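Asker: Right, I'll just put the structure down here and ask away after.
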Amino acid sequence: MRVLTPPVVFSIVCLLVSPTLQAQDKSQSHQFQLAAGNDEWTNTGFRLTQGDLVVIFASGTVTVGALMGQVDADGRNSRQATGIGFIEGKVGSGNPFAVGQRFAFGADQVGTLKLRVHDTNYADNTGTFTVTVIRIPASQVPAVETYTPDDDGPSEGTAPPANNAVYVAAMKTDLRNLVTAEEAFFADSVKYTAKIGPGGLNYSVSSGNTWPTVRLTRDGWNAVIGNGNTPTRCAIFIGSASAPPAIKEGAPNCQ
């Protein structure tokens, strides 16, 4: 599985912005309810082949136990990211990956796309997410103009490429996954960390994205991530200290 990186399709960018749009071929669009109390993987009905493009939208809230309460598909309650309750997916027997409320990726393996709510105890979960999955077969993916930066990357003041929204989507996804990794570390260590790798966060980034710069703050942390194909940078923070352009805790923002 790879988060969308170049070459990409302009129509996918439109889908990311407008979740009400449906694929022209209705057989490639499927909406269903994903139960929070089901610990089994739910078959989306799509068997992917290499090169297929997939967009997933999820709405609503579910309850993941009395302590965490209601969370959205990103695993966030009214206060913060909880590290549980978010939607995750996998293709075939591949490794799980975070999906959340909005996600787009290009399939790099053959297999059935499955989803579930991420948790360790499903017995006290209630509610369902409404999930829409849109698949564009590889044979129907049109070619688009790609952006090729200089060897040293985009220069200062360089205008974003035409397909910048896709790079932004990949960076935002990695930052949301970083929140999940930090919350998992906090659950074990009762503290956050700026270290990625052994002794730190179990975390990786999408192809094309740089490793995030993580800084600890008095009551949380912040991070900035980039992509070698665009001058746009994205930030996120947890705690009371904002990290422009991020202005809402736990919500990645880019500039």
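Readers should treat all values here as calculations from the given coordinates under stated rules, not as data from a laboratory. Being a predicted model, the structure only gives us computed values, none of them experimental. In this analysis, Cβ positions are derived from the backbone assuming ideal geometry, glycine residues included, and neighbour counts consider all displayed protein chains.
Asker: If neighbour count is taken as other Cβ atoms inside 10 Å, put Cys234, Cys254 in order from fewest to most.
Answerer: Sorted ascending by nearby Cβ count, the order is Cys254, Cys234.
Asker: Hey, fewest Cβ within 10 Å first, where do Ile196, Ile134 land in order? Please report the intermediate quantities before stating the final value.
Answerer: Numbers: Ile196 17, Ile134 22.
Neighbour counts put them in this order, fewest first: Ile196, Ile134.
Asker: Spin-label point model (7 Å from Cα, Cβ direction): what's the Asn202 to Thr128 distance in nm?
Answerer: Each label point is offset 7 Å from its Cα along the Cβ direction, giving 3.1 nm.
Asker: Let me ask something additional. Counting other beta carbons within 10 Å of each Cβ, put Phe32, Phe46, Phe103 in order, fewest first.
Answerer: On the way: Phe32 16, Phe46 21, Phe103 25.
Arranged by neighbour count, lowest to highest, Phe32, Phe46, Phe103 become Phe32, Phe46, Phe103.
Asker: Quote the FRET efficiency, to the nearest 0.05, computed for Leu67 versus Asn43 with a Förster distance R0 of 45 Å and r equal to the Cβ-Cβ distance. Provide the component values of the computation, followed by the final result.
Answerer: Working: r = 30 Å, r/R0 = 0.67.
Here the calculated transfer efficiency is 0.90.
Asker: Quote to one decimal, in nm, the extra length available between Thr112 and Asn95 on full extension: 0.36 nm per residue of separation minus the C-alpha distance between them.
Answerer: Working: separation 17, 0.36 × 17 = 6.12 nm, distance 1.27 nm.
Difference between extended and current length: 4.9 nm.
Asker: Find, among the trypsin sites (Lys or Arg not before Pro) in segment 35-114, those assigned to loop by DSSP (not H, G, I, E, B) with at most 11 other beta-carbon atoms within 10 angstrom.
Answerer: Within segment 35-114, the qualifying trypsin sites (Lys or Arg not before Pro) (loop, at most 11 other Cβ atoms within 10 Å) are Arg79.
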